[in-house]
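This report refers to the structure that appears directly beneath it.
The values are calculated or read from the model by the stated rules, or taken from the named source; none is laboratory data. Predicted, not measured: the structure shown is a model, and the values here were computed from it. Note: ideal-geometry Cβ built from the backbone for every residue, glycine included; neighbour counts use all protein chains shown. Ligands, DNA and RNA are stripped out before the accessible areas are found, and what is left, the full protein with its side chains, is counted by its heavy atoms. Shrake-Rupley method; radii C 1.70, N 1.55, O 1.52, S 1.80 Å.
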Amino acid sequence: VFEGTDNGDFQPNGDLTREQAAKIITYMLMGQEAADKLTATTAPFKDVAANRWSAGSIAYCVTMGIVAGDGNGRFYPTQTVTGYQFAKMLLVALGYDATVEQYTGTNWAINVASDAAAADLTVGLDASLSNTMTREQACQMAFNAMKANMVNYSSKGTNITTSDGTTIAMGASDAEPIVSSRATIADDGYLQFAEQYLSDLVLTSSGVGTDDFGRPANVWTYNDDEVGTYAKTADFTYTADTS
């Protein structure tokens, strides 16, 4: 999903741009090989030429309702992305409808923050969502999204447009987690993002999962190759005399 620079570094504190965010989301949804084959036959925006490296990803994300321009035909691909904006992109990728959940309009950031927290997208972040996303923070949020539940709606209601141009969904049902028997990430009866889009990524959290100190641990594998073993956070710890 992420790549380093040609010099072999990652630049974890570097700012995330809008076109980089679109590329990341596309990799998450399609995989790198398929995403790199995306092209744009025409310029998706005035400031995104059809032959720009990110044009295919931007066009795809626009089609999926994940990103949008400024309403005047511009996308500003090199502009930085805030935590709110990246969280909105991930929520839409998880199945949340931007109109139903009111991710546009005056209170869009509040609504995004609420849903992002409920989906555990902000776990482990060390900064406010109002700040510009760094590359390592985007990594953390993308990783959280892989463990989050996919959702759908029994009904998205009827869209109406208010006098100020805001579109509101009336009569929509609540977003509900998708029921699934897959259990590569969590055996909870629901479909997680990675279970839908990254079937080769597997989390083993019980049984054989222990680290070098014998602590219960999460073991992550990808294509049967171990990514790493990470000790679980204890519910309670104490110290006692022993001999």
For segment 201-243, what mean projected area does the convex hull of the alpha carbons give, in nm²? 4.0 nm²
Amide proton proximity set for residue 40, modelled H, under 5 Å, gap of 5+: 56
Other-chain or far-sequence residues with amide H under 5 Å of residue 15's (modelled H): none
Carbon and sulfur atoms: what percent of the 1.4 Å accessible area of segment 125-212 do they account for? 45 percent
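Let me check against my output: what whole-number percent is the relative contact order of segment 112-243, with C-alpha pairs under 8 Å and at least 6 apart?
Averaging sequence separation for qualifying contacts and normalising by length gives 14 percent for segment 112-243.
Taking the highest mean first, how do the peptides 230-238, 216-224 order by number of other beta carbon atoms within 10 angstrom per residue?
In descending order of packing, they fall as 216-224, 230-238.
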Options (i) 47, 26, 14; (ii) 45, 20, 13; (iii) 34, 23, 18 for semi-axes √(5λ) of the Cα gyration tensor in Å; the value derived from the coordinates is listed as (iii)
What does the charge dipole of segment 1-140 about its Cα centre add up to, to the nearest 20 debye, if the Cβ of each Lys and Arg holds +1 and the Cβ of each Asp and Glu holds -1? 440 debye
Suppose R0 equals 25 Å; then what is the FRET efficiency for residue 47 and residue 160 from their Cβ-Cβ distance, rounded to the nearest 0.05? 0.20
GluC sites (Glu not before Pro) restricted to DSSP loop in segment 1-98 with at most 16 other C-beta within 10 Å: 3
Sorted by chain and number, the residues with a modelled amide H under 5 Å from that of residue 50, at a separation of 5 or more or across chains, are 43
Overall form of segment 1-138 per C-alpha gyration tensor (a/c, 1.5; a/b vs b/c): oblate
For segment 117-199: rounded, prolate or oblate by the Cα gyration tensor [a/c cutoff 1.5]: oblate
